[in-house]
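Structure record follows, encoded as structure tokens.
The values are calculated or read from the model by the stated rules, or taken from the named source; none is laboratory data. In this text the structure is predicted, and so the values were computed from the model without any measurement. Here the Cβ is made from the backbone with ideal geometry for all residues, glycine too, and neighbour counts use every protein chain on show.
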Amino acid sequence: MARRGPRWYFSFRSPYSWMAYRDLTDACPDVADAVEWLPFWEPDASAQEHLDRSSITLPYVAMSKEKHLYILQDVRRLARARKLDMVWPVDPEPRWEVSHLAYLAADELGAGREFIDETYRARWELGEDISDPGTMARIGRTLGVDPVALAGAHADPRIRERGLAALASLHRDGVFGVPFFISGFDKFWGVDRLPDFITTVRARLAASP
């Protein structure tokens with residue numbers, strides 16, 4: 001099997017992933033262009049059944065109240081340091097497959113990176129519900145991408161197969177949270193490890209023939 005290149009696992013749910021995205025794309029577009037972008041989300045019941053049959057266990061655990069309160073404080077602090085205007089979204093009925101499978105559909109249509117940008121903006125700057133297929137349709141119209149394909153991606157059997165492959169990939173890579181970066185045998189977890197990942201990727205790019 002060919003050795004895979006640098007990659008990072010992101011989630012629309014995570015504010016730390018959003019900030020890593022902004023740091024990476026705003027300051028280091030060369031690295032952003034050189035890495036593989038892979039989604040991480042908590043599977044729904046159908047996907048979980050498939051993963052169980054394949055003996056794939058994802059490391060997601062419920063968050064404690066204490067950790068949640070800490071994250072609220074920490075994210076505000078980090079957002080202020082970056083001069084980012086953010087809102088804390090409300091998720092009345094979270095269905096994370098809606099947005100993450102819509103990303104896979106948008107990527108097939110040649111608008112994956114644009115979709116990520118608009119979905120992060122929708123969630124963390126506008127406070128929109130990205131579990132609502134209607135939000136995915138709105139993003140599709142904004143990007144000039146088929147809104148029906150994005151809104152219905154979570155119910156498309158072919159896209160769901162791609163989603164299962166993505167979840168299997170993070171299992172193989174030992175991903176336990178986001179943002180998570182991999183370059184060669186080196187792994188980096190958390191937005192504060194992004195500079196080390198960038199340095200490693202640039203060194204590998206410079207050494208490539």
Original post:
Would you say R123 is basic (K, R), over 16 Å from D44 (Cβ atoms) and touching a helix residue (DSSP H, G or I) at 6+ places or on another chain (Cβ under 6 Å)?
Top reply: no
Subject >> Some residue of region 95-107 being at pLDDT 95 or above, more than 13 Å from W41 (Cα to Cα) and either surrounded by fewer than 15 Cβ atoms within 10 Å (Cβ to Cβ) or not hydrophobic (A, V, I, L, M, F, W, C) (or both) >> reply: yes
Subject >> One residue from D23, D30 being charged (D, E, K, R), surrounded by 16 or more Cβ atoms within 10 Å (Cβ to Cβ) and in a helix (DSSP H, G or I) >> reply: D23
**OP:** Would you check if there is a residue in region 168-177 being touching a helix residue (DSSP H, G or I) at 6+ places or on another chain (Cβ under 7 Å) and surrounded by 17 or more Cβ atoms within 10 Å (Cβ to Cβ)?
**Re:** no
Original post:
For region 54-128, which fully contained helices (runs of 4 or more DSSP H) count at least 1 residues that are more than 25 Å from V175 (Cα to Cα)?
Top reply: 65-81, 112-124
Original post:
With (1) among the charged types (D, E, K, R); (2) under 18 Å from Y16 (Cα atoms); (3) within 16 Å of the chain's Cα centre (by Cα) as the list, and D173 as the residue in question, which single condition is left unmet?
Top reply: (2)
**OP:** Could you list all residues from region 12-58 that are within 13 Å of F180 (Cα to Cα) and in contact with a Gly (Cβ under 9 Å, 6 or more places away or on another chain)?
**Re:** S14, Y16, A20, V35, E36, W37, P39, F40, W41
Original post:
Can we say E36 is more than 15 Å from S169 (Cβ to Cβ) and not aliphatic (A, V, I, L, M)?
Top reply: no
Subject >> Residues within region 152-164 that are crowded, with 18+ Cβ neighbours inside 10 Å and either touching a His at 6+ places or on another chain (Cβ under 8 Å) or farther than 16 Å from G110 by Cα (or both), tallied >> reply: 4
Subject >> Residue check, K67 farther than 18 Å from G177 by Cα, at pLDDT 85 or above and not hydrophobic (A, V, I, L, M, F, W, C) >> reply: no
Subject >> Output for region 5-62, where each listed residue is in contact with a helix residue (DSSP H, G or I) (Cβ under 9 Å, 6 or more places away or on another chain), among the charged types (D, E, K, R) and over 28 Å from L78 (Cα atoms) >> reply: D44
**OP:** Taking the options A111, A151, A81, name whichever one is closer than 21 Å to G190 by Cβ and small (G, A, S).
**Re:** A81
